[in-house]
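K.L.:
The structure's right below; bear with me while I get my questions together.
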There are 4 protein chains.
Amino acid sequence: MPSPSTTATLLIDCPDRKGIVVSIINFLVQHYDVNILNADQHQDVELGLFFMRVEFSTDAPHFDEAAFRAVFAPLAAGFSMNWRIAFANAPQNVAIFVSQYLHCLADLLHRHQTSEFHCNLALIISNHEAARPLADFYKVPFYYLPVTADTKSGVEAEQQALLAENNVDLVILARYMQILSPAFVDAYPRRIINVHHSFLPAFSGARPYHAAFARGVKLIGATSHYVTEVLDEGPIIEQDVTRVTQNDQLPSLIQKGRDLERLVLSRAVQWHLDHRILSYANKTVIFA
Amino acid sequence: MPSPSTTATLLIDCPDRKGIVVSIINFLVQHYDVNILNADQHQDVELGLFFMRVEFSTDAPHFDEAAFRAVFAPLAAGFSMNWRIAFANAPQNVAIFVSQYLHCLADLLHRHQTSEFHCNLALIISNHEAARPLADFYKVPFYYLPVTADTKSGVEAEQQALLAENNVDLVILARYMQILSPAFVDAYPRRIINVHHSFLPAFSGARPYHAAFARGVKLIGATSHYVTEVLDEGPIIEQDVTRVTQNDQLPSLIQKGRDLERLVLSRAVQWHLDHRILSYANKTVIFA
Amino acid sequence: MPSPSTTATLLIDCPDRKGIVVSIINFLVQHYDVNILNADQHQDVELGLFFMRVEFSTDAPHFDEAAFRAVFAPLAAGFSMNWRIAFANAPQNVAIFVSQYLHCLADLLHRHQTSEFHCNLALIISNHEAARPLADFYKVPFYYLPVTADTKSGVEAEQQALLAENNVDLVILARYMQILSPAFVDAYPRRIINVHHSFLPAFSGARPYHAAFARGVKLIGATSHYVTEVLDEGPIIEQDVTRVTQNDQLPSLIQKGRDLERLVLSRAVQWHLDHRILSYANKTVIFA
Amino acid sequence: MPSPSTTATLLIDCPDRKGIVVSIINFLVQHYDVNILNADQHQDVELGLFFMRVEFSTDAPHFDEAAFRAVFAPLAAGFSMNWRIAFANAPQNVAIFVSQYLHCLADLLHRHQTSEFHCNLALIISNHEAARPLADFYKVPFYYLPVTADTKSGVEAEQQALLAENNVDLVILARYMQILSPAFVDAYPRRIINVHHSFLPAFSGARPYHAAFARGVKLIGATSHYVTEVLDEGPIIEQDVTRVTQNDQLPSLIQKGRDLERLVLSRAVQWHLDHRILSYANKTVIFA
């Protein structure tokens, strides 16, 4: 009886030099007799870096992460690769953090329900009760963890315990209005996605719509990015904009912005879940 | 014999209060028996300001700026109006300043030749010789005025003399890489339009494409704005963006940006020439 | 005791001639001492038509539709106007028709809940049970009315009875996959809004995403429009597009399209509810 | 003494099956010791087709088209490939056809002058004299070949003779208002690029802006495509759109459209010159 076919995605970055592509392709063919479904690569000429994403299927038996790691290690070491492999049959566990604005959450939940996202939506954490009905409707466990200046570090410990219990791979900040501590952020490198309601780097920080309105911009934007220690400075994943005019006073500008927030956040989540994002030098490479 | 019909545009801003619209409309009808071609208005609710643009035609004899000014003054004073009137049969005189990048200049010249712009292109001033062939081809007088740190104030005096001689109404900085002095800028309030090669307020100042590339943005932009004393801080007239990916290394990003620069600058020029822009509080109202 | 202030919107279209604007403005001021909040106008030069939208507030007592109609009639007749007036304190009754694709419905319900739409969501009608849980969650009455070729006319009678009972002003077809009969459409002129999943007039009719994919377009679109007797031929209210590449096989193209459908439908609904749309000659004028 | 490095691009399409990528990569490495600069691939799942673009450099001596063709033929035959190879040091010869609207021509000439396009602009052919001054200014040979119904086939013979003399690789129809005969089109398969001033397939044929205006669309578009025997039905290369409102009467709509035409045509030309386009089943794959 043939083993069932397995699909996996290999992501690599390393110093650019001759022979990488052929070495990787030959490795995969020789060891696993793969069928290559997609192969994308990118060079940063200035920094001399090479990036590759290979999506492939194989009927090889004994194809799991540990086995692959063992045989791929020498090649990876030879090229000084950073790399990871992800298996399509292992959906990631996702947590959503949200405060009282629910438009991104409602959008994410609907997309998950209609199978746009291939993941396990493990839990929702909020410092407000507002999201509970939506969480209940979509049958996602909801945790109400209010935060004050005094309780913040304790609450973060609770949050991290919940993430650990649920083996969470990805945290989505869907308009979560609390700033996570550096320690929290460090625990999930390139695994926390935030949506900021401006076209970064313009209007970073608080109340970006108010700032955009005051500056009189003709387009407003939204940005999804990985969270790093410095607020709103992490690698940008996706951005979009929409036109505003003098007819858009602040409330209308905020309403138009909500549509952008939904779009840029959902695209970032999808690309992350599909292992399409590589991050380096505070930038992202999107193999879309 | 009937007088020929005259078309004019009246632009007004004043504190918002009841009765402005009806007063203006009735004034125009009673004094000049006008046919209203377009009437646009805008309120800034927060600041309590009212803005209006009325485009109208009239067969009334003796309809010129001086006569209008005399009869309109009491009404304007009653509402504390800032206002101006422009006559369609009096095209504005325009000067273009340019350095060595000629894409915006070539675009403006072609648009002028094909009658997109209703103006008199009086002269081109440059600190480089590069633009001379284009100026000659399109038969626009060209002045080569090189600038060094030492000669700058003298050159500005020459430039202003040329503008004065030509009764220049509007100065277009089409990638002119010199910073004008505050005195120069003050002499042409809301009458100098610049194009900046970023989505302001992001990446103001020098080398914005390099900065955008370094930050890893997913959209690059360009901005046209009125020049004020503070560099890149004047009222924004128009902005546009285009998508970039990791495949766009710096040269490609710069090339894509040039298309944006042409578009946002030409739209700003057209709106200005058509008297569609009101400016206040470092913003613009565009009656497009 | 002063009467409370009333806000209303007057929409007019008529043959273009001199004196319309001043007549309307003076009428409103003299009869109701109005404060004009917004006045927009448009001319179709080719067809010689004039369009106006005036939003105003008044403290006048006895200001209701019947009274206004009585005093405005002579002026309206003099200019051969089509016109209507809408009062801000009278929210419209809205019905949503939907089949088994729920993304537009979920979006509309969330926007209504967060007060983006100023209306009374009276009922949801569907030929499938799929929408019931969402309807229940958002507490909107749900009617399951399955349709077959044989039962169609009977079902339409039921649908119309429900609309009549609920005094429905606007019907939204949120991916309702049944074609309404001409008699139904005639009963709600310019009061049925549909979303079509293509950039009309391209790919009208069935399976537009399949057709777009087969043609190899580089942008896909969506269109919201008023429904008329001829399928997909009614006046277009809003359109938007998004970029696709060879990487977008059909499922991805459909997913991207859903985002467009939500946007163009919600904008059309909002503009209709705010009385910002005039329709003529199978076009729309949007006073946005 | 080492031979100088050569850069080339290999474009392939063939039935999709296992082993293509690895075979091609290994071939290039083994025969020419290449350094792969870029490798992009695409599958059309539905049609079972595979597409690949490999850009590489090599220091191998004796690397020219004839030599490559000889050694690559067996592999190509084994996979039933359509393929071609292009060398970066061999710029293509380009002809531009234009009538009396010059905006696309002016744009192409400026881009060529500023080195956006890597090609030899061999000649301009027009059925009007209008383009001659621009051709002279940019020093491109200009041929005035007026066309009437009677002279058309004779003129086409003259045009083809000029193309042959100049070894023209690519013909750009920059708003050339004559329809080429099937025989002409057949002589340059996938080597004639046209710009159509609508968002195809909407408004194919004559006067698309008039048709778009009459239909009341909210976005207008432009399309660049390869010319095939059926007018406006060839594989689409690029499309773009811009927003219009009721304020855009026909002249304004045409003006906005010109900006789109320039953009979509110049992008198509650039991608073609960079060997980034594969065409199949009346579609294009763009490796951008």
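The values are calculated or read from the model by the stated rules, or taken from the named source; none is laboratory data. Everything numeric in this text was worked out from a predicted model, so none of it was measured. Ideal geometry is used to build each Cβ from the backbone, glycine not excepted, and the neighbour counts take in all protein chains shown. When the accessible area is computed, the model is the full protein with side chains, heavy atoms only, and any ligands, DNA or RNA have been set aside. Shrake-Rupley method; radii C 1.70, N 1.55, O 1.52, S 1.80 Å.
K.L.:
Just the residues that are open to solvent by 50 Å² or more (accessible area, probe 1.4 Å) and touching a helix residue (DSSP H, G or I) at 6+ places or on another chain (Cβ under 7 Å), please, taken from the stretch C:145-172.
P.N.:
C:Gln160
K.L.:
Inside the stretch C:134-174, can you point out the residues that are assigned to a loop (DSSP other than H, G, I, E, B) and within 27 Å of C:His275 (Cβ to Cβ)?
P.N.:
C:Tyr138, C:Lys139, C:Val140, C:Pro141, C:Asn166, C:Asn167, C:Val168, C:Asp169, C:Ala174
K.L.:
Here's a follow-up. Among (1) buried (at least 19 other Cβ atoms within 10 Å of the Cβ); (2) part of a strand (DSSP E or B); (3) not assigned by TED's automatic domain parsing to the domain that holds B:Val195, which single condition is B:Val29 missing?
P.N.:
B:Val29 satisfies every listed condition except (2).
K.L.:
D:Lys139 is checked against (1) away from chain B (no Cβ under 14 Å); (2) on the phi > 0 side of the Ramachandran plot; (3) not hydroxyl-bearing (Ser, Thr, Tyr) and fails just one. What number does that condition carry?
P.N.:
(1)
K.L.:
Regarding D:Ala183, is this residue out of contact with any strand residue (DSSP E or B) (no Cβ under 7 Å at 6 or more places or on another chain) and not polar (S, T, N, Q)?
P.N.:
So D:Ala183 passes the test.
K.L.:
Among the residues in the stretch A:266-287, are any part of a strand (DSSP E or B), of a type in the set (Lys, Arg) and either open to solvent by 50 Å² or more (accessible area, probe 1.4 Å) or at the interface with chain B (Cβ under 9 Å from one of its Cβ atoms) (or both)?
P.N.:
Yes - at least one qualifying residue is present in the stretch A:266-287.
K.L.:
If you don't mind, another one. For the stretch C:123-130, indicate whether the set of residues that are modelled with pLDDT of 95 or more, crowded, with 19+ Cβ neighbours inside 10 Å and within 25 Å of C:Ile286 (Cα to Cα) is non-empty. Full working, then the answer.
P.N.:
Kept after step one, since they are modelled with pLDDT of 95 or more, are these residues of the stretch C:123-130: C:123-130.
Next cut, crowded, with 19+ Cβ neighbours inside 10 Å only: C:123-127.
Among the residues that remain, those that are also within 25 Å of C:Ile286 (Cα to Cα) are: none.
Looking for residues that are modelled with pLDDT of 95 or more, crowded, with 19+ Cβ neighbours inside 10 Å and within 25 Å of C:Ile286 (Cα to Cα), one finds none in the stretch C:123-130, hence no.
K.L.:
Next up: Could you grab me the full set of residues in the stretch D:222-257 that are among the β-branched types (Val, Ile, Thr), without any contact (Cβ under 8 Å) to a residue 40 or more places away in the chain and buried (at least 18 other Cβ atoms within 10 Å of the Cβ)?
P.N.:
D:Val244
K.L.:
Name every residue in the stretch D:173-189 that is within 14 Å of D:Gly234 (Cα to Cα) and either among the aromatic types (Phe, Trp, Tyr) or surrounded by 18 or more Cβ atoms within 10 Å (Cβ to Cβ) (or both), in order of residue number.
P.N.:
D:Leu173, D:Leu180, D:Val185, D:Tyr188
K.L.:
Against the condition within 20 Å of B:Arg262 (Cβ to Cβ) and within 16 Å of the chain's Cα centre (by Cα), how does B:Arg175 come out, does it pass?
P.N.:
yes
K.L.:
Something else about it: Can you list the strands (runs of 3 or more DSSP E) lying wholly within the stretch C:189-265 that have 1 or more residues being within 11 Å of chain D (Cβ to nearest Cβ) and modelled with pLDDT of 95 or more?
P.N.:
So the answer is C:219-226, C:236-243.
Okay, residues lined up against (1) open to solvent by 70 Å² or more (accessible area, probe 1.4 Å); (2) touching a His at 6+ places or on another chain (Cβ under 6 Å); (3) within 14 Å of another protein chain (Cβ to nearest Cβ); (4) of a type in the set (Ser, Thr, Tyr):
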position: A:Val22; (1), (2), (3), (4): no, no, yes, no
position: A:Ile25; (1), (2), (3), (4): no, no, yes, no
position: A:Asp33; (1), (2), (3), (4): yes, no, yes, no
position: A:Ile36; (1), (2), (3), (4): no, no, yes, no
position: A:Glu55; (1), (2), (3), (4): no, no, yes, no
position: A:Pro74; (1), (2), (3), (4): yes, no, no, no
position: A:Asn89; (1), (2), (3), (4): yes, no, no, no
position: A:Leu102; (1), (2), (3), (4): no, no, yes, no
